[in-house]
Amino acid sequence: MSTLYVVATPIGNLSDLTSRAIEKLSSVPVVAAEDTRVTRKLMSHLGISPQLESLHEHTSPERLYALVSKLESADMAVVSDAGTPGISDPGSALVKAAIDAGHNVIPLPGPSATVAALSITGWSFNRFLFLGFLPRKKHEQVNTLKGIYTEPGPIVAYESPHRIKATLGNINEIFPDRKLVICRELTKLYEETFRGTASESINHFKEFRGEFVIVIEGAGDTAPAEMSDGEISEALANLKSEGLTGRTLVDQTVELTGAPKKRVYRLSLGKE
Ligand code: SAM
């Protein structure tokens, strides 16, 4: 049984490669890579030359089988062009094939544009929604955005420089008042963070160059917590002690508690 190491690589700044990643990439004989030309540059920077095997998004079952066969004889690492493999990048099919063949799979965590962007929102949240790349067709994209309107936590999307302006236009249609955090060129020379609404962002970015992550503020826990019968009865009792009776008592309690009128009326019967 061998081990497949899933190794995160920099999303721009080469200094973000962890020392553990360097150690592992230097010791495995084979590295499966999204684009071997991109990974060869990284390996040259590290002064190492493992055997590189390509692993595309549409890698055939035969190719996966061949990679897993190599794993039989020695440990292997898998990397993508940038960031964490398997996150809008190839990697998961090889991970599954390795698991199915009974091998160990170990992550070497590190850079990911999603986590980097979320970490600088300054928003407090205990869940988030990762959308990856949004659908390209406008109506599909708009439907996706409509479908997540009530998502309480922040929503993260990746976008290419060619499509980001149109995407921000669609976000503006569905979420005109929501705050966005847009991270451009994270960890790179022209790194920039925009904070504001979608329409403001379209005016802000004169030209859309580089790589972008969009984070849309979540809806929060906007649904009011439903009141218990005891809480509504208490509100009724308080208003009654102020001299309210009959319809006025019910109406004022409905306004105060947000509870349905029928329910307040039923509870008020015992209070008259
Ligand atoms: N696996 C990667 C990760 O863990 O972040 C994501 C790969 S996905 C193919 C590439 C997309 O990630 C880009 O189109 C962009 O949306 C985002 N991205 C990657 N690097 C970035 C960077 N340095 N700054 C901003 N966004 C970046």
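The values are calculated or read from the model by the stated rules, or taken from the named source; none is laboratory data. No experiment lies behind these values; they were computed from the predicted model shown. Note that we place each Cβ from the backbone using ideal geometry, even for glycine, and neighbour counts take in every protein chain shown. Keep in mind that these areas ignore ligands, DNA and RNA; they rest on the heavy atoms of the full protein, side chains included. Shrake-Rupley method; radii C 1.70, N 1.55, O 1.52, S 1.80 Å.
Here are a few things to note about the model shown:
- Between 0 and 90°, nearest 10: helix 61-73 axis offset from the chain longest Cα axis: 70 degrees
- Here is the P(r) of the stretch 39-165: all C-alpha pair distances, binned every 5 Å from 0, give 2, 8, 15, 16, 17, 15, 12, 9, 5, 1 in whole percents.
- Packing, taken as the mean count of other beta carbons within 10 Å per residue, orders the peptides 100-108, 176-184 from highest to lowest as 176-184, 100-108.
- Solvent-free Debye scattering, log10 I(q)/I(0), computed from the Cα coordinates of the stretch 114-216 at q = 0.09, 0.14, 0.21 Å⁻¹: -0.19, -0.47, -1.14
- Cross-link reach is defined here as a Cα-Cα straight distance under 18 Å, omitting same-chain residues fewer than 8 places apart; for Lys24 the aspartates and glutamates meeting it are Asp16, Glu34, Glu53, Glu72, Asp75, Asp81.
- The chain, accessible surface, carbon-and-sulfur percent (1.4 angstrom probe): 52 percent
- Reachable lysines, given that their alpha-carbon falls under 21 Å from the alpha-carbon of Lys262 and they are not under 8 places away in the same chain: Lys240, Lys271
- Nearest 10 degrees, 0 to 90: helix 246-257 Cα axis against the chain principal axis: 20 degrees
- Protection proxy ranking, peptides 115-121, 53-59, average beta carbon neighbours within 10 Å, highest first: 115-121, 53-59
- Residue list for the stretch 139-159, given a label point 7 angstrom along the Cα-to-Cβ vector of Phe194 and an amide N cut-off under 13 Å: 159
- Per residue, the convex hull spanned by the Cα atoms of the stretch 162-265 amounts to 154 cubic angstrom.
- When +1 charges are put on Lys and Arg Cβ atoms and -1 charges on Asp and Glu Cβ atoms, the dipole computed for the chain relative to its Cα centre reaches about 440 debye.
- Of all stretches in the chain that contain no chymotrypsin sites (Phe, Trp or Tyr not before Pro) in a DSSP loop with at most 15 other Cβ atoms within 10 Å, the longest one is 1-122.
- Degrees, to the nearest 10: 229-241 long Cα axis against longest axis of the chain: 40 degrees
- DSSP beta bridges in the stretch 3-111 [antiparallel fraction, %, rounded to 5]: 5 percent
- Rounded Å value of the spacing that divides the Cα centres of the stretch 212-267 and the stretch 11-86: 58 Å
- Positive end of the dipole of the stretch 3-111 (Cβ unit charges, origin at the Cα centre): among Ala33, Ala66, Ala93, the Cα lying farthest that way belongs to Ala33.
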